[in-house]
């Protein structure tokens, strides 16, 4: 981490990742990038469906390979790059047939290293193979929820899931959230954990940096009028008036409350619920 000197009020306490020590290239591979319009949290009708989004710096979209459908062919890492659309770093890889792709890079991998996607691949950092062939205790990332479905689990900076058991065609994974769930053993996963584990230590320092990221201010419910939020209204600083915290739409939120739907389709695959609240 790099801590800035307090030359201005905004730089006081600011801590950022030392990109120069990690990244090897500043500009992306043009053939794998394209422009896109960010929706600012709006649906097709133009109505806001996700609040607190809008503005921010213009970005180029990098086409990331989450399918990993190039099997039994070794790939070499050409560069480690920054991606403004995700927290982890990405790598430009060159396959033996000459094709280049972007992948989410594992922690500890450097330029010149190689990896392979194969059912018979050795359990080595960066390699990708079915969960059923990965030993217990191994940390994995870019995990599929179903075979050939593409990576869905453990994709953000510093994240990894732990293989804790194999049982009747399923593999038990301990998720980054502490939840334990079953995933088909035929689903694929990469060995290691996602790069940029220092991302959680970043201190933005000022409100303006949040706006550059495309995140708009969040107003507390207690600061609103009663017509706008269940916590709003009252003379002066009033309590929320409810036993449990609620969202703007009256649903439970925060404070260790369970917000999962009782009849969610994946309930049968959850072996242990995630730990929430202060005790976690």
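The values are calculated or read from the model by the stated rules, or taken from the named source; none is laboratory data. Quick caveat: nothing in here was measured; it's all calculated off a predicted structure. Don't worry about glycine lacking a Cβ; one is built from the backbone with ideal geometry, like all the others, and counts go over all protein chains shown.
Descriptive notes on the structure:
- Top-ranked residue in the stretch 176-216 [being touching a helix residue (DSSP H, G or I) at 6+ places or on another chain (Cβ under 9 Å) and not assigned by TED's automatic domain parsing to the domain that holds residue 127; ranked as nearest to residue 38 (Cα to Cα)]: 216
- Set side by side, the residues 25, 5 differ, and just one is assigned to a loop (DSSP other than H, G, I, E, B) and not assigned by TED's automatic domain parsing to the domain that holds residue 80, which is 5.
- When residues of the stretch 26-51 are limited to those that are surrounded by 14 or more Cβ atoms within 10 Å (Cβ to Cβ) and either at pLDDT 95 or above or over 20 Å from the mean Cα position of the chain (by Cα) (or both), the one farthest from residue 194 (Cα to Cα): 42
- Test for residue 94: is it in contact with a strand residue (DSSP E or B) (Cβ under 8 Å, 6 or more places away or on another chain), surrounded by 22 or more Cβ atoms within 10 Å (Cβ to Cβ) and outside any loop (DSSP other than H, G, I, E, B): no
- So residue 264, is it modelled with pLDDT of 90 or more, surrounded by fewer than 14 Cβ atoms within 10 Å (Cβ to Cβ) and in a loop (DSSP other than H, G, I, E, B): yes
- Qualifying residue in the stretch 31-45 (condition: closer than 23 Å to residue 203 by Cα and without any contact (Cβ under 8 Å) to a residue 40 or more places away in the chain): no
So that you can scan it fast, the table gives a plain yes or no per residue for (1) assigned to a loop (DSSP other than H, G, I, E, B); (2) crowded, with 17+ Cβ neighbours inside 10 Å; (3) more than 23 Å from the chain's Cα centre (by Cα); (4) not assigned by TED's automatic domain parsing to the domain that holds residue 177:
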position: 98; (1), (2), (3), (4): yes, no, yes, no
position: 101; (1), (2), (3), (4): no, yes, no, no
position: 110; (1), (2), (3), (4): yes, no, no, no
position: 125; (1), (2), (3), (4): yes, no, no, no
position: 140; (1), (2), (3), (4): no, yes, no, no
position: 147; (1), (2), (3), (4): yes, no, no, no
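- Filter pass, residue 59 being within 20 Å of residue 199 (Cβ to Cβ), surrounded by 12 or more Cβ atoms within 10 Å (Cβ to Cβ), assigned by TED's automatic domain parsing to the domain that holds residue 159 and without any contact (Cβ under 8 Å) to a residue 40 or more places away in the chain: yes
- Selected residue (criterion: surrounded by the most Cβ atoms within 10 Å (Cβ to Cβ)) from residues of the stretch 8-22 that are in contact (Cβ under 8 Å) with a residue 12 or more places away in the chain and in a loop (DSSP other than H, G, I, E, B): 17
- Here residue 152 passes the criteria (1) under 19 Å from the mean Cα position of the chain (by Cα); (2) more than 21 Å from residue 200 (Cα to Cα) except the one numbered (2).
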